[in-house]
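Student: Following this message is one structure expressed as structure tokens.
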Amino acid sequence: DAKTTQPTSMDCAEGRAANLPCNHSTISGNEYVYWYRQIHSQGPQYIIHGLKNNETNEMASLIITEDRKSSTLILPHATLRDTAVYYCIVRNAGGTSYGKLTFGQGTILTVHP
Amino acid sequence: NAGVTQTPKFQVLKTGQSMTLQCAQDMNHNSMYWYRQDPGMGLRLIYYSASEGTTDKGEVPNGYNVSRLNKREFSLRLESAAPSQTSVYFCASSPRGSGGSSYNEQFFGPGTRLTVL
């Protein structure tokens, strides 16, 4: 699986957009980019995923560069409840992967009032 | 739907004791997983079950056994607990057994906090 690199921590003001970057320069053609987050003392929560097109859902937007070597998760209007550790994961969609996700250190996002 | 439920929420064991962590999902998912998370670290996969009747080892299976009792339930057993197994244990499930990008959309339970003295 492609390795991902994320900043250790980031801050954001409440109501502003939070832009979380992720580098995955060794990503291969059949690997998707997944984002999860983990709020303190809770289980991880799936946010969004994409292959090469930009994606948007009710939680966030995912922007993937044209060369697919990096991506950005955007929380358009961050709230205090978005304070969490955000994980960027690159993984094959299926085959023998059987959904075995590899969670790295992630980015600690702190949203300030 | 309750989603993924785990019992117990907290547990303290003495070294050498055994116990079983229970996990159930009501989303009719094919695949289920057990992870552990140690302080300041990401999650590591212990065992997974791609579909009912099958189980396989993940990244850190030593010291654990699993049972996929039926489609809903996936239990994790510690036969002889050790202090190194002090951790938070998360169970997860996903909707597909193989293939498809949603394969990696996993839904997690609230976790079991285990301390082994």
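Nothing in this text is a laboratory measurement; each read-out follows from the coordinates by a stated rule. It should be emphasised that the depicted structure is a prediction, and the values quoted were computed from it without experimental measurement. All Cβ positions, glycine included, derive from the backbone under ideal geometry; neighbour counts span all protein chains shown.
Student: How many percent of DSSP beta bridges within chain A run antiparallel, rounded to 5?
Tutor: Just about 85 percent of them are antiparallel.
Student: May I pose another question? Which lysines does B:Lys9 reach when only Cα atoms under 26 Å apart count, and residues fewer than 8 places away in its own chain are ignored?
Tutor: A:Lys100, B:Lys57, B:Lys71
Student: Now for a separate question. If you place +1 on the Cβ of every Lys and Arg and -1 on the Cβ of every Asp and Glu, how big does the dipole about the Cα centre of chain B come out, in debye to the nearest 20?
Tutor: Numbers: 11 positive and 8 negative charges, 37 e Å.
Charge dipole, chain B, about its Cα centre: 180 debye, nearest 20.
Student: Relative contact order (percent) for chain A, with alpha-carbon contacts under 8 angstrom and 6 or more residues of separation?
Tutor: Working: 274 pairs, mean separation 41.1, N = 113.
This gives 36 percent for chain A.
Student: Something else now. Charges at C-beta only: +1 for Lys and Arg, -1 for Asp and Glu. How large is the resulting dipole of chain A about its Cα centre, in Debye rounded to 20? Mind dumping the intermediate values first?
Tutor: Details: 9 positive and 9 negative charges, 45 e Å.
Charge dipole, chain A, about its Cα centre: 220 debye, nearest 20.
Student: Over the Cα atoms of region B:1-88, what Rg and Dmax result, in angstrom?
Tutor: 12.9, 37
Student: A follow-up question, please. To the nearest 20 debye, what is the magnitude of the charge dipole of the protein assembly as shown about its Cα centre, counting +1 on the Cβ of each Lys and Arg and -1 on the Cβ of each Asp and Glu? Please list the in-between numbers first.
Tutor: Details: 20 positive and 17 negative charges, 92 e Å.
Dipole about the Cα centre, nearest 20: 440 debye.
Student: May I pose another question? Express in whole angstrom the spacing between the alpha-carbon centres of region A:12-38 and region B:1-36.
Tutor: Using only Cα atoms, the two centres lie 29 Å from each other.
Student: In percent, what relative contact order does chain B have, based on Cα pairs under 8 Å that are 6 or more apart in sequence?
Tutor: Result for chain B is 35 percent.
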